[in-house]
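Q: Okay, handing you the structure first.
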Amino acid sequence: MEKKQSGTGTDTDSVTKNVPFLNRIDLSSPDIHQSVSLLKQACLDSGIFYVINHGISEELMEEVFEQNKKFFGLPLSEKMKVLRNEKHRGYTPLFDEILDPDNQVHGDLKEGYYIGVEVPEDDPKAEKTFYGPNVWPSDDILPGWRHTMEKYHLEALEVARAIARIIALALDLEADFFDKPEILGQPLAFLRLLKYPGQISDPSNGLYGAGAHTDYGLITLLATDDVYGLQICKDKYAQPQVWEFIAPLKGAFIVNLGDMLERWSNCLFKSTLHRVLGNGQERYSIAYFVEPSYDCLVECLPTCKSAKNPPK
């Protein structure tokens, strides 16, 4: 659910040591006007912000990270039994993906595991791209693993829906605009577990944990451990590009916008160009990619076009 960003010109990249301040959207706040204002400012600027007090318990977050580590700690032979299939579910080995082929000498230095919305094989929807049953490690090998991931998948989707309501208001739409069945009523939502091994990236030589890219979809919710690695480039069209580290924030989601929302908003809101650099420490993160239903029609939002700003 990620898209490569070509031509990033790593030989002219510069990395600022300053960590940018990101707006914090508090989902427990009764002041919806402040939440809308903070979110809109972030979406106009760089398309990235924190979400705090999101309602997922600390215990569940810790359990997901613990189960994440258990899976990636298995022997490679066990992980290869659940190799990613044509429905984009299952394990992705080191170097399996290359997000920025113009600037990478080999694939991303990360392992991953995709979990989508569960659709039984005999369901008519299972014939569509990205729908179908998930691939699960054996319960004998990882007891409770599937239950933990399914519970987190459902709760993360509710967080995404809550964020989408604030996004709708920031775009002068009705708050429930994205709640429609064809949008987030039956979404394409993918949970992706990630592990970056303890190696040091070297952008000048084309070595990355994850190459520069923007995400495809609506929004991405990212939970991380306390190890730095994620970087963003606020102005993706600038040369040279300036890269800034994003600070992990315990208990919070880092949320970034995808290309679909940029297109949907007539480029009013910005999708976020980002990458991951390894610093010699193992790093674990959990991404949740949120896309509308397969059948959703994406066209310029009525509030994002005018005589002076026609649909692009």
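Q: State which residue is nearest to Glu158 (Cα to Cα) when the search covers only segment 126-137 and only residues that are touching a residue at least 60 places away in the same chain (Cβ under 8 Å) and either among the charged types (D, E, K, R) or open to solvent by 30 Å² or more (accessible area, probe 1.4 Å) (or both).
A: By that ranking, first place goes to Phe130.
Q: Which of the following residues is farther than 26 Å from Glu63 by Cα and either open to solvent by 10 Å² or more (accessible area, probe 1.4 Å) or out of contact with any Asp or Glu (no Cβ under 8 Å at 6 or more places or on another chain) (or both): Cys233, Cys300?
A: Cys300
Q: Can you find a residue in segment 185-192 that is basic (Lys, Arg) and not in a strand (DSSP E or B)?
A: no
Q: How about segment 232-278: which of its residues are in contact with a strand residue (DSSP E or B) (Cβ under 6 Å, 6 or more places away or on another chain) and of a type in the set (S, T, N, Q)?
A: Once the filter is applied, which keeps residues that are in contact with a strand residue (DSSP E or B) (Cβ under 6 Å, 6 or more places away or on another chain) and of a type in the set (S, T, N, Q), segment 232-278 yields Gln241, Asn256, Ser271, Thr272.
Q: Can you tell me which of (1) within 23 Å of Tyr208 (Cα to Cα); (2) not in a helix (DSSP H, G or I); (3) not aliphatic (A, V, I, L, M) is the one Phe71 doesn't meet?
A: (2)
Q: Could I ask something else about it? Do we have Tyr91 as crowded, with 20+ Cβ neighbours inside 10 Å and not in a helix (DSSP H, G or I) here?
A: When the stated conditions are applied, Tyr91 passes them.
Q: Given the conditions (1) loosely packed, with under 14 Cβ neighbours inside 10 Å; (2) among the acidic types (Asp, Glu); (3) over 27 Å from Val159 (Cβ atoms), and given that Asp123 satisfies all but one, which numbered condition is not satisfied?
A: Of the numbered conditions (1) loosely packed, with under 14 Cβ neighbours inside 10 Å; (2) among the acidic types (Asp, Glu); (3) over 27 Å from Val159 (Cβ atoms), the odd one out for Asp123 is (3).
Q: Residue pairs, Cβ under 6 Å, 6 or more apart or interchain, first in segment 112-125 and in contact (Cβ under 8 Å) with a residue 24 or more places away in the chain, second in a helix (DSSP H, G or I). List them.
A: Ile115/Met149
Q: Sticking with this structure for a sec: Against the condition touching a residue at least 40 places away in the same chain (Cβ under 8 Å), hydrophobic (A, V, I, L, M, F, W, C) and touching a His at 6+ places or on another chain (Cβ under 8 Å), how does Ala189 come out, does it pass?
A: yes
Q: Going through segment 41-58 one residue at a time, which ones are at pLDDT 95 or above, outside any helix (DSSP H, G or I) and open to solvent by less than 20 Å² (accessible area, probe 1.4 Å)?
A: Residues satisfying the conditions are Gly47, Ile48, Phe49, Tyr50, Val51, Ile56.
Q: Are any of the residues in segment 273-284 of a type in the set (S, T, N, Q) and buried (at least 18 other Cβ atoms within 10 Å of the Cβ)?
A: No: zero hits.
Q: Listed residues Arg146, Arg161; which is free of Cβ contacts under 8 Å to residues at least 24 places away in the same chain, assigned to a helix (DSSP H, G or I), open to solvent by 30 Å² or more (accessible area, probe 1.4 Å) and under 22 Å from Arg263 (Cα atoms)?
A: The unique qualifying residue is Arg161.
Q: I've got another one for you. Being over 23 Å from Gly198 (Cα atoms) and either part of a strand (DSSP E or B) or hydroxyl-bearing (Ser, Thr, Tyr) (or both) is the filter here; which residues of segment 269-287 pass it?
A: Answer for segment 269-287, where residues must be over 23 Å from Gly198 (Cα atoms) and either part of a strand (DSSP E or B) or hydroxyl-bearing (Ser, Thr, Tyr) (or both): Ser271, Thr272, Leu273.
Q: Among (1) farther than 23 Å from Phe65 by Cα; (2) open to solvent by 20 Å² or more (accessible area, probe 1.4 Å), there is one condition Ile200 misses while meeting the rest; what is its number?
A: In the conditions (1) farther than 23 Å from Phe65 by Cα; (2) open to solvent by 20 Å² or more (accessible area, probe 1.4 Å), Ile200 misses (1) alone.
Q: Filter segment 258-272 down to the residues that are touching a Gly at 6+ places or on another chain (Cβ under 6 Å) and open to solvent by 20 Å² or more (accessible area, probe 1.4 Å), then identify the one that is farthest from Tyr131 (Cα to Cα).
A: So the residue we want is Lys270.
Q: Just to verify a result, which residue in segment 67-82, among those that are within 21 Å of the chain's Cα centre (by Cα) and over 16 Å from Leu109 (Cβ atoms), is most open to solvent (accessible area, probe 1.4 Å)?
A: Here the answer is Lys69.
Q: While we're here: Could you tell me how many of the residues in segment 9-40 are open to solvent by 40 Å² or more (accessible area, probe 1.4 Å), outside any loop (DSSP other than H, G, I, E, B) and modelled with pLDDT under 95?
A: Of the residues in that region, 4 qualify.
The values are calculated or read from the model by the stated rules, or taken from the named source; none is laboratory data. Computed from a predicted structure; not experimentally measured. Virtual Cβ from ideal backbone geometry, glycine too; neighbours counted across all protein chains shown. For accessibility, only protein heavy atoms count, side chains too; no ligands or nucleic acids. Shrake-Rupley method; radii C 1.70, N 1.55, O 1.52, S 1.80 Å.
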